[in-house]
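Okay, so here's the structure we're looking at.
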Amino acid sequence: MRKVGIVTQVDQQAEIFSIRTPKGRAFTFSLDENIRFCGQLPDLGDLQIGMSTLVAGRRLKGGTLLAVVVAAREAPAFSRHMGIVTSIDAATNTFGLHARNGEQLIFKVDEETRFQGFDVDVQSLDDLQVDMVVKVLAKKQEDGSFLAINVSATTKESLEQYDLRTVGQIIAVDAQGFSVQAPKWRAI
């Protein structure tokens, strides 16, 4: 099994650590003498809360997760978030977001924040509306808050007009449209 996430707990004495995946799931891993550390980590003592990790491990009898290989680095300064706008506060230049993973986040905007709309005119915080769907590129500040660098917005209705959304590689283009090689290796 492989899991990617952010370290949320480290207990050197108990030789365990926990991570939270991008989807919000929590996993706690135990260690043994065969553990191998990679990346910026020589040992468990260097693993810190907030680091970005990749853990290869296995489930033992009884359900305990054993880490076999752990690679970690400082979490990236930028992060992407997508969700529904829940609040807008022009006095503090912030907006609230209910993210896809269930988190409730607050983003600050400044004069350098870039706004763009898809099927809607969004040029600034004043144009955002509660219930809009947004994708945010943000930079985590030293105090733990998020500064929005780019905000792309649309309405739920605009998204609903499309029957299919996928990620993949464009493999053919003709007068009627294009074909995409989707991750499950089938053409759409």
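Each residue in region 21-77 was checked for being exposed (fewer than 13 other Cβ atoms within 10 Å of the Cβ) and either touching a His at 6+ places or on another chain (Cβ under 8 Å) or at positive phi (or both), and 4 pass.
Report those strands (runs of 3 or more DSSP E) wholly inside region 58-166 carrying at least 3 residues which are in contact with a strand residue (DSSP E or B) (Cβ under 7 Å, 6 or more places away or on another chain) and closer than 30 Å to LEU31 by Cβ.
Numbers: elements: 65-73, 78-89, 94-99, 104-108, 114-117, 133-140, 146-154.
Where strands (runs of 3 or more DSSP E) fall fully within region 58-166 and carry at least 3 residues being in contact with a strand residue (DSSP E or B) (Cβ under 7 Å, 6 or more places away or on another chain) and closer than 30 Å to LEU31 by Cβ, they are 65-73.
Each residue in region 90-134 was checked for being among the charged types (D, E, K, R) and crowded, with 16+ Cβ neighbours inside 10 Å, and 1 pass. Being within 18 Å of the chain's Cα centre (by Cα) and not assigned by TED's automatic domain parsing to the domain that holds ASP131 is not true of VAL85. GLU15: at pLDDT below 90 and surrounded by fewer than 17 Cβ atoms within 10 Å (Cβ to Cβ), yes or no? Criteria not met by GLU15. For region 39-57, the set of residues classified as at pLDDT 85 or above and either under 18 Å from ALA77 (Cβ atoms) or in a strand (DSSP E or B) (or both) consists of GLN48, ILE49, MET51, SER52, THR53, LEU54, VAL55, ALA56, GLY57, listed by residue number.
Here GLY144 meets each of (1) exposed (fewer than 14 other Cβ atoms within 10 Å of the Cβ); (2) over 23 Å from GLY5 (Cβ atoms) with one exception, condition (2).
Taken together, the criteria exclude VAL7 from residues that are surrounded by 15 or more Cβ atoms within 10 Å (Cβ to Cβ), among the hydrophobic types (A, V, I, L, M, F, W, C), in contact (Cβ under 8 Å) with a residue 60 or more places away in the chain and under 30 Å from SER124 (Cα atoms).
Pick from GLY24, GLY62: which is free of Cβ contacts under 8 Å to residues at least 12 places away in the same chain and not assigned by TED's automatic domain parsing to the domain that holds MET82?
Details: GLY24 fails: free of Cβ contacts under 8 Å to residues at least 12 places away in the same chain.
Of the residues listed, the single one that is free of Cβ contacts under 8 Å to residues at least 12 places away in the same chain and not assigned by TED's automatic domain parsing to the domain that holds MET82 is GLY62.
Within region 154-165, can one find any residue that is within 18 Å of GLU112 (Cβ to Cβ), at pLDDT 90 or above and out of contact with any Pro (no Cβ under 6 Å at 6 or more places or on another chain)? Checking region 154-165: not a single residue is within 18 Å of GLU112 (Cβ to Cβ), at pLDDT 90 or above and out of contact with any Pro (no Cβ under 6 Å at 6 or more places or on another chain). When residues in region 85-113 are screened for being modelled with pLDDT of 95 or more and of a type in the set (Lys, Arg), 1 of them pass. Considering ALA138, ALA172, the condition of being surrounded by fewer than 17 Cβ atoms within 10 Å (Cβ to Cβ), at pLDDT below 95 and touching a Phe, Trp or Tyr at 6+ places or on another chain (Cβ under 7 Å) is satisfied by ALA172 alone.
The values are calculated or read from the model by the stated rules, or taken from the named source; none is laboratory data. Here the structure is a predicted model, which means the values were calculated and not measured. Heads up, the Cβs are rebuilt from the backbone with ideal geometry, glycines too, and the neighbour counts pull from every protein chain shown.
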